[in-house]
1. Picking from Phe15, Phe41, which residue would you name as being of a type in the set (A, V, I, L, M, F, W, C) and modelled with pLDDT of 95 or more?
2. Collect the residues in region 15-36 that are surrounded by 10 or more Cβ atoms within 10 Å (Cβ to Cβ) and charged (D, E, K, R), keeping them in residue-number order.
3. So for region 35-54 (the condition being on the phi < 0 side of the Ramachandran plot and touching a residue at least 12 places away in the same chain (Cβ under 8 Å)), does at least one residue qualify?
4. For region 53-60, state whether one or more residues are in contact with a helix residue (DSSP H, G or I) (Cβ under 6 Å, 6 or more places away or on another chain) and assigned to a helix (DSSP H, G or I).
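The values are calculated or read from the model by the stated rules, or taken from the named source; none is laboratory data. Predicted, not measured: the structure shown is a model, and the values here were computed from it. Cβ atoms come from the backbone with ideal geometry, glycine included; neighbour counts cover every protein chain shown.
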Amino acid sequence: MKKVLWFLMGIAGGFIAAHLINKDPRGQEVLAEVDLRISEFTDRMADAYRTQEAKIEGLVADAQDAAAAQLDD
């Protein structure tokens, strides 16, 4: 129970700190920079995921074609 309390206090402290930082113009710039970097990271991860997904779909299609050819023979 004590760990949950510390966890919730950490979340609340983070929100308070972010709110105070957001009031300062320099803080807004820092938060905007962090947001931009997070967006870039998530975009790269999504692109990598789609690339891998397409590669796997191609392998599955090739395997299905090979299996269908074996069944036809």
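1. Answer to the check: Phe41.
2. Of everything in region 15-36, those that are surrounded by 10 or more Cβ atoms within 10 Å (Cβ to Cβ) and charged (D, E, K, R) turn out to be Asp24, Glu29, Glu33, Asp35.
3. Within region 35-54 (the criterion being on the phi < 0 side of the Ramachandran plot and touching a residue at least 12 places away in the same chain (Cβ under 8 Å)), the answer is no, since none of the residues qualifies.
4. no
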